[in-house]
Amino acid sequence: MLSHRSDYVKLEKDEVQELSPGLHAERIKCPVLMACAQHDTDEFRRQTRAFADALRNAGRLTKLIDCRNVNHFELMECFKDSRHELMKAVFEQMGKR
């Protein structure tokens, strides 16, 4: 696992294979909107793009948004602003414009 959590979450290779949603996008049955932050680490951005590509190939990705001027942890702050591009996309996907 490429995370600090691997220090205390011990998974066998077959468990990682089975439990990783990025490796099983075809199992996802609903449309997915994804977002990453401009100031995310390279690894966060790589993982987001890889999962988005898998979802796109499975026909499940509706949109990938690159949120400007925030990092991974600040991204949640975007949810409080109904005019933010992320929230506009969420509302659009819900059928509420």
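Every number in this text was worked out from the coordinates using simple rules, so none of it is lab data. These numbers were taken from a predicted model, which means no experiment stands behind them. Cβ coordinates were reconstructed from backbone atoms using ideal geometry, including for glycine residues, and neighbour counts include every protein chain displayed.
Taking a virtual spin label 7 Å from the Cα of D81 along the C-beta vector, which residues in the range 39-62 bring their backbone nitrogen under 16 Å of it?
Taking a point 7 Å out along Cα→Cβ of D81, the residues of the range 39-62 whose backbone N falls under 16 Å are 39-40.
From the Cα trace of the chain, what convex hull volume per residue do you get, rounded to a whole Å³?
Working: hull volume 10.4 nm³, N = 97.
That works out to 107 Å³ per residue.
Among the lysines in the range 4-94, how many pairs, 8 or more places apart or on different chains, have alpha carbons under 26 Å apart? Mind dumping the intermediate values first?
Working: K13/K29; K29/K63; K29/K88; K63/K80; K63/K88; K80/K88.
Taking the range 4-94 as the scope, the lysine pair count is 6.
So what's the back-of-envelope 222 nm ellipticity for the chain, counting only DSSP H runs of four-plus at -39500 (n - 2.57) apiece and dividing by all residues, rounded to 500? Each step should come with its number before you reach the end.
Details: 3 runs with 33 residues, N = 97.
It lands at -10500 deg cm²/dmol.
Angle between the Cα long axis of helix 42-57 and the longest principal axis of the chain, 0 to 90 degrees, nearest 10?
80
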